[in-house]
Amino acid sequence: MGDSKKPRCFVLLTFDFDAESHEARVCPNKPVKLSKGQFGPRVGLPRVLNLLERYAIKSTFFVPGWTAEKYPECVKEIVRRGHEVAAHGYMHENLSELEPHEEIEVFTKSIDSLTAAVGQRPLGFRAPQWEFSQNTIANLVKFGFKYDSSLMNDEKPYVIRQEGESSGIVELPVEWFLDDWPIFEIERRSPSEVFNIWIREFEAVYAENVPYFMLTMHPQCIGRASRAMMLGTLVESIRRRERIVFARCIDLVRQIEESAGLE
């Protein structure tokens, strides 16, 4: 296949399907805070899934184990529509705050819950709050993950190295301003502002031939009507460029492995 046919940029629309996992852990007696997360499975997720289906896009959903246990039919529907389910802690724990044995327990429970819900073991991981401990990379190797999506030290995929040695784990890097939560829920920006920020970043990396553009979104956030409409407009704008491929995380990782294109 000639270079003119090869993808110029992989676009990954990823979703953290947290529901109210974090709130159920830290403030289980606050119904309003819980309800914020519950908007995800009730309204946001169906809207997101329908949007992805409309554009024939397959995506990756990072799901806490607790969410898979509470909303198994939602997780099954994600898989039924051809999307990937990857791990995202058990109750959205910050790994840097855990004792080593607690982190092991979180990984174990998360993997068991997702495997029970979807019938296969997750191959990808995203750290809740994008926080690692000193043991997390070793645990990713121990538990057989193929990739992680939590670090911010590059703008394209690479293989994580630890103490000078390859871990074998592919990193799919992330960025806070390419995450819907801080930009919508903390900074309170409008959909038009977020569209301008995201499309400008895409156009910039595309112009520089960076072969990778990832967004991190949450059904309870991006699933609001005006925000989902903005995401559809963004997809349409990105699609106008040549040699764009929308992909699940695992599909990109497998292509990287097959081409042995990273060191």
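The values are calculated or read from the model by the stated rules, or taken from the named source; none is laboratory data. Here the structure is a predicted model, which is why all the values come from computation and not from measurement. With ideal geometry, Cβ positions are generated from the backbone for all residues, glycine too; neighbour counts draw on all protein chains shown. Calculation scope for accessible area: heavy atoms of the full protein, side chains included, ligands and nucleic acids excluded. Shrake-Rupley method; radii C 1.70, N 1.55, O 1.52, S 1.80 Å.
Computed quantities for the displayed model
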read-out	value
Rounded to the nearest 10 Å², the accessible area of I183 at probe 1.4 Å	10 Å²
Whole-angstrom Cα spans of region 28-70 along principal axes, big to small	40, 20, 11
Beta bridge orientation in region 111-263: antiparallel %, DSSP, nearest 5	45 percent
Whichever lysines have a C-alpha closer than 19 Å to that of K156, once near sequence neighbours (fewer than 8 apart) are set aside	K6, K146
Estimated vicinal HN-Hα couplings, Hz - region 236-243 in sequence order (Karplus 6.51, -1.76, 1.60; Gly, Pro = x)	4, 5, 5, 5, 6, 7, 7, 6
Region 26-41 versus region 99-153: alpha-carbon centroid distance in Å	24 Å
FRET efficiency for H101 and S259, using Cβ-Cβ distance with R0 set to 35 Å, rounded to 0.05	0.35
Shape of region 55-205, Cα gyration tensor, a/c cut at 1.5	oblate
Aspartates and glutamates with Cα under 15 Å of K5, excluding same-chain neighbours fewer than 8 positions away	E242
Carbon and sulfur %, accessible surface of the chain computed with the full protein complex present, 1.4 Å	49 percent
Gap separating the Cα centres of region 53-73 and region 154-196, nearest whole Å	19 Å
In nm, spacing of pseudo-spin labels at Y158 and S192 (7 Å Cα→C-beta vector)	3.9 nm
Given [x] 26, 24, 17; [y] 33, 21, 17; [z] 43, 23, 15, the label whose value is semi-axes √(5λ) of the Cα gyration tensor in Å derived from this model	[x]
Share antiparallel - DSSP beta bridges, the chain, percent rounded to 5	15 percent
Accessible area in square angstrom per residue, region 120-236, 1.4 angstrom probe	44 Å²
Environment charge at E201 (Cβ cut-off 10 Å; Lys +1, Arg +1, Asp -1, Glu -1)	-2
Two-site FRET efficiency, V26 against L151, from Cβ-Cβ distance with R₀ of 35 Å, rounded to 0.05	0.90
Length gained when the stretch R241-R42 is fully extended (0.36 nm per residue, less Cα-Cα span)	68.2 nm
